[in-house]
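Taken together, the values in this text are just the output of simple stated rules run on the coordinates, not laboratory data. None of these values were measured; they are calculated from a predicted model. Quick reminder, even Gly has a Cβ in these numbers, built from the backbone with ideal geometry, and neighbours come from all protein chains shown.
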Amino acid sequence: MIIAYNKIIPIGRYSWYTYETVDLFERIKLGVKLFESVNKIKYINSNRKKQSILMGNAKGTTLLPPHDGGAVIYDTDTLVASIVRKLNILQSVPKHKDLEVFDLNTILKLWKKAGDEVKIKKKYIDIVEEIFEEWKKRCYPRGVMHGDMGVQNIMHDGYEVTDIIDFEEVLWGYPILDATEMYLEFHYVWGRELADKFLEEYTKVPSVDGSRIPLLIPFDEVEIMQRTRNILLTAMVRKNCKDKEEVNNVVNSFNVDVGSADFANFENKELDYYLEN
């Protein structure tokens, strides 16, 4: 199966975590180097001075449900165990010198700066700061994380994972965040039963150093963090991006995203609700 981005991707855009411009292609190449799931990767330059990307030979079908273009799961136990093994392999990859570090102090500083620029209501940054302080106290294990471990980026054949794609968010951070987001993805897309099956399997696997893997990060904390991140990213794009079509797509996507805040009891309202007048 050939996987391709249908859309032209700018050479530089905002990173999810730093809000600095990054070259997605360099990040993807680094991700593939760290975790060789995609067999081939090609770059295509357009005459509009932008880049598009084609990833070839990705085996299987995405983990989306059949009605969304995915495939039937024939053996959920085997598939879930396969996903957990892949997560465990990923977090055991050695740290790479060029890998961006998910540093809570740095992220908070950059988010505050971005928040001032787009005039996000202060309480949302304050909540994230409290959450990050809790994460520091818990001392979650560090390791390589995919950064976008959603069902759309996991390929399978009905029984086992055959590929993982889209490495543009790979970084040195908290692998438990990948696992927590995987649980939430299962819950939203497939339902509670499959999500709980994933959690049960995940907690069986020892960490790299042999210790017991901690329970997932509280879901409300993850959703508040992600929702605030999305507010900042969307507001930054609207303020700084000159491509009106891109701006409309990003803002409209945020405004209709009502699922990502369920566990946090976050207000599912349009972007301007979160910003100062």
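Measuring r between the beta carbons of residue 75 and residue 21 and using R0 = 51 Å, the FRET efficiency lands at 0.75. Highest mean packing first, where packing is the average number of other Cβ atoms within 10 Å per residue, the peptides 195-204, 224-233 line up as 224-233, 195-204. Listed values for segment 96-107 are Karplus-derived 3J(HN,Hα) couplings in whole Hz (6.51 cos²θ - 1.76 cosθ + 1.60, θ = phi - 60°), namely 9, 4, 9, 6, 4, 9, 7, 9, 4, 5, 5, 4, and x replaces Gly and Pro.
In order along segment 239-251, phi translates into HN-Hα couplings of 6, 10, 7, 8, 8, 4, 5, 4, 4, 4, 4, 5, 5 Hz, rounded to whole numbers, per the Karplus curve 6.51 cos²θ - 1.76 cosθ + 1.60 with θ = phi - 60° and x for Gly and Pro. Cross-linked pairs 136/244; 95/244; 86/109; 244/269: Cα-Cα separations exceed 29 Å for 136/244; 95/244; 86/109. For segment 51-168, the residue among 105, 79, 89 whose Cα projects farthest onto the positive side of the dipole built from Cβ charges is 105. Using the alpha-carbon positions of segment 95-138, Rg (one decimal) and Dmax (whole number) come out as 12.4, 36 Å.
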